[in-house]
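One structure is given below, encoded as structure tokens.
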Ligand code: PNS
């Protein structure tokens, strides 16, 4: 069985992520979406909330599993016996850091990284931009799955009410 992991923060999952996950799911028998538990980074959604959204938006693929991990990605790969990491590359600006991580992960544990070019429709898209736009009431409906959009609208309204 060929398995791959797609790691990330997914705060929240965007259409760009979903594009990569869906395409990876046609290449591998099982794709594990692994949400990083990052205690240093502040996030809009908790890890559990991000995992729930991911589960809902990937359910129709049938071979995508959602999990979380803490610590080194290569340790997660070793424990779960997953030999391949799949990453989306949006632009050349992603490349330097992604190359460095891929080489480090290969050097550390022999884990391979496969890069998939992002659909040009989403080459400008990031979770951070989605959050910033949504915070100031901008329209992100074309950037995230409908479920995530509904959740963002609700979360932003709740945040505004809490800060009023
Ligand atoms: O969505 P993000 O925040 O860009 O994802 C980054 C992620 C989670 C893929 C990366 O930070 C990661 O792999 N972190 C785990 C810690 C780790 O293994 N660090 C060493 C990398 S060589």
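A few points about this structure:
- Acute angle (nearest 10 degrees) that the helix 47-58 long axis makes with the longest principal axis of the chain, alpha-carbon atoms: 80
- Between residue 95 and residue 30, the C-beta separation translates, for a Förster distance of 30 Å, into a calculated FRET efficiency of about 0.65.
- Principal-axis analysis of the Cα atoms of the chain puts helix 92-109 at an angle of about 50° to the longest axis.
- Most mobile listed residue (141, 42, 68) in the chain, GNM with C-alpha springs under 10 Å: 42
- Cβ-derived FRET efficiency at R0 41 Å, residue 1 paired with residue 133, nearest 0.05: 0.55
- Rh (Kirkwood; distinct C-alpha pairs) - the stretch 1-107, Å: 14.2
- Relative contact order, percent, the stretch 47-164 [alpha-carbon distance under 8 Å, six or more residues apart]: 22
- For the chain, the longest principal axis of the Cα atoms and the long axis of helix 146-163 meet at an angle of about 50 degrees.
- Residues of the stretch 1-17 with amide N under 19 Å of a point placed 7 Å along Cα→Cβ from residue 147: 6-17
- Cα centroids of the stretch 57-81 and the stretch 131-163: 26 Å apart.
- With both labels modelled 7 Å from their Cα along Cα-to-Cβ, the residue 46 to residue 80 distance reads 2.1 nm.
Values quoted throughout were computed directly from the atomic coordinates according to the rules given, and no laboratory measurement underlies them. Because the structure is a prediction, the values reported are computed rather than measured. Cβ coordinates were reconstructed from backbone atoms using ideal geometry, including for glycine residues, and neighbour counts include every protein chain displayed.
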